[in-house]
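Undergrad: Dropping the structure in here first, questions after.
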Amino acid sequence: MRFELTHYPIVKTLLKNRWLQLLVWLLMLAGFLFAILSGFSGTPVGNRNFGIVFVWIAWWAVLILVAVPFFGRGWCAVCPIPLPGEWLQRGAIMDPPAKKPRWFNLRWPIKLRNIWLQNLSFTLVALFSIVILTTPKVTSIVLAAMLFLAIGMGIVFERRTFCRYICPVGGFIGLYAQAAPLELRVKEKQVCLTCKEKPCYNGSSAGYGCPWDVFPGGITKNTYCGLCMECLRTCPYDNIAVNARPFSADLAKPSTRMDEAFKAFIMMGAAMIYAAIFLGPWGNLKLAAYSVGSLAWFGYSAAFLAIIFGLLPALFLGVVGAGKALTKAAMPLKKSFIAFATALVPLGLMFWVAFSLSFVLTNAAYIFSTISDPLGWGWNLFGTAALAWHPYLTGLLLPLQTLVLVAGLLWTGRTAQKVGTEVKISPIPVIIFSTLITIVMAGLLL
Ligand code: SF4
Ligand code: SF4
């Protein structure tokens with residue numbers, strides 16, 4: 001079941017248009033640079049500072065509630081972080097130049113071509129997240145560090161190695177993009193087999209070779225395609241399509257990679273821990289997470305790491321083992337563990353949606369006051385600077401979160417069933433496990 005959106009010439013023209021893309025990029029880049037600037041020179045009060053409010057409340061809301069669930073890697077298509085590095089790497093902002101600049105252009109090491117570094121970078125950000133999310137200067141340092149790292153990597157390595165292998169945000173977007181009802185695929189694989197030059201990967205005068213180091217002819221899931229639309233421009237056979245499709249289409253085929261399996265546990269565990277810290281009544285836990293470098297913080301960090309890298313995967317291993325024993329399946333435990341971790345993707349995404357609803361609806365009022373006075377300098381650009389804080393839709397929050405968690409559980413149950421059929425192992429223990437952790441998450445949220 002696919003519906004080709006690029007079948008309509010207007011859609012294809014808009015997606016291929018570099019000027020439109022540039023306009024969006026410049027707007028994003030301006031906002032991003034202003035967020036960095038506001039952290040260094042604006043008010044140190046987090047909920048009055050543009051960087052904190054527009055990155056961690058406004059952007060986060062759009063990303064996790066809309067962009068990822070509906071457009072997959074749609075955010076990566078407009079993200080400003082890799083742009084300066086990519087422009088330097090290409091020696092151009094628009095079409096490919098006649099002469100490429102002579103940078104190092106190295107290939108990324110084969111051993112690192114996985115998402116373990118992204119798992120690590122996300123975990124590091126998560127460990128320091130309370131400080132990052134509440135202190136404007138620290139937010140600016142993190143954003144600037146990402147920008148400079150992306151520039152450095154753009155000069156040293158070919159293509160977008162920062163996005164593909166390092167970016168802490170890109171890693172989880174890739175995981176959850178598998179659930180999105182949008183994809184970029186080739187229309188006919190046969191056409192790719194006979195296409196000699198493969199300009200979609202190697203580039204041509206019409207556009208750049210895939211910046212994400214993906215061969216479009218081989219794409220089977222959304223995880224690593226950044227929806228940059230270069231292949232739509234370069235394919236001489238009009239063989240690239242952007243399709244609308246059913247939710248979670250990629251999850252019908254279980255993962256075979258341990259790095260991707262662990263990404264699912266890291267994200268799920270982090271959502272639960274965040275719910276406990278930000279929404280729970282435990283003041284000491286909040287204090288421990290905030291007091292970076294203190295003994296309490298080391299204790300908190302050790303517990304954080306133990307939950308996401310130890311407890312959750314170990315429990316899940318036992319659960320998958322029980323399913324194997326029930327069906328007397330021959331598939332090795334490691335392979336079954338990885339395959340069933342795919343089923344946790346929808347539940348993890350819905351955990352984040354449910355958590356973010358609380359977080360965003362409670363704090364959204366700061367967006368209106370901060371837009372009038374983004375640096376906390378006493379401006380009142382749109383007359384909303386003095387708008388008092390109040391939470392939005394409080395009456396709707398609990399039913400909405402319950403609905404989201406139940407939908408996530410059903411979605412994961414269905415995915416586990418499909419994985420079970422594929423690997424011939426009973427999905428029942430995994431479904432019970434998912435139900436239990438959904439109850440824990442509901443307890444933390446509700
Ligand atoms: S350029 Fe087009 S036809 Fe050729 S390999 Fe790429 S997607 Fe396939
Ligand atoms: S060139 Fe095509 S396959 Fe590669 S990231 Fe861009 S849209 Fe995806």
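Undergrad: So which of CYS200, CYS192 is in a helix (DSSP H, G or I), under 28 Å from the mean Cα position of the chain (by Cα), within 16 Å of ligand 1 (Cβ to nearest atom) and at negative phi?
TA: Of CYS200, CYS192, the one residue that is in a helix (DSSP H, G or I), under 28 Å from the mean Cα position of the chain (by Cα), within 16 Å of ligand 1 (Cβ to nearest atom) and at negative phi is CYS200.
Undergrad: Would you confirm, using the coordinates I've provided, whether PRO281 is loosely packed, with under 15 Cβ neighbours inside 10 Å and either in a helix (DSSP H, G or I) or not small (Gly, Ala, Ser) (or both)?
TA: yes
Undergrad: On the basis of being away from ligand 2 (no atom under 14 Å from the Cβ), among the aliphatic types (A, V, I, L, M), under 30 Å from LEU357 (Cβ atoms) and surrounded by fewer than 22 Cβ atoms within 10 Å (Cβ to Cβ), does ALA275 make the cut?
TA: no
Undergrad: Checking PRO80 against (1) surrounded by fewer than 17 Cβ atoms within 10 Å (Cβ to Cβ); (2) outside any helix (DSSP H, G or I), which test does it fail?
TA: The single condition PRO80 does not satisfy is (1).
Rundown of residues vs (1) of a type in the set (Asp, Glu); (2) modelled with pLDDT of 95 or more; (3) within 16 Å of ligand 1 (Cβ to nearest atom); (4) buried (at least 22 other Cβ atoms within 10 Å of the Cβ), yes/no style:
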{"site": "GLY226", "(1), (2), (3), (4)": "no, yes, yes, yes"}
{"site": "PRO236", "(1), (2), (3), (4)": "no, yes, yes, no"}
{"site": "ALA241", "(1), (2), (3), (4)": "no, yes, yes, no"}
{"site": "GLU260", "(1), (2), (3), (4)": "yes, yes, no, yes"}
{"site": "ALA264", "(1), (2), (3), (4)": "no, yes, no, yes"}
{"site": "MET268", "(1), (2), (3), (4)": "no, yes, no, yes"}
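Undergrad: Given the structure, is GLY408 closer than 20 Å to ALA322 by Cα, within 26 Å of the chain's Cα centre (by Cα) and at pLDDT 95 or above?
TA: Judged against the criteria, GLY408 is not a match.
Undergrad: Which of the following residues is of a type outside the set (D, E, K, R) and either in contact with a His (Cβ under 9 Å, 6 or more places away or on another chain) or assigned to a helix (DSSP H, G or I) (or both): LEU375, LEU409, LEU387?
TA: LEU409
Undergrad: Here is a further query. Being in a helix (DSSP H, G or I) and surrounded by fewer than 21 Cβ atoms within 10 Å (Cβ to Cβ) narrows it down to one residue among ILE155, ILE93, ILE130; which is it?
TA: ILE155
Undergrad: Another question, then. Quick one: would you say PRO216 is at pLDDT 95 or above and surrounded by fewer than 19 Cβ atoms within 10 Å (Cβ to Cβ)?
TA: For PRO216, the condition - at pLDDT 95 or above and surrounded by fewer than 19 Cβ atoms within 10 Å (Cβ to Cβ) - is not met.
The values are calculated or read from the model by the stated rules, or taken from the named source; none is laboratory data. Just so you know, these numbers come straight off a predicted model, no measurement behind them. Cβ atoms come from the backbone with ideal geometry, glycine included; neighbour counts cover every protein chain shown.
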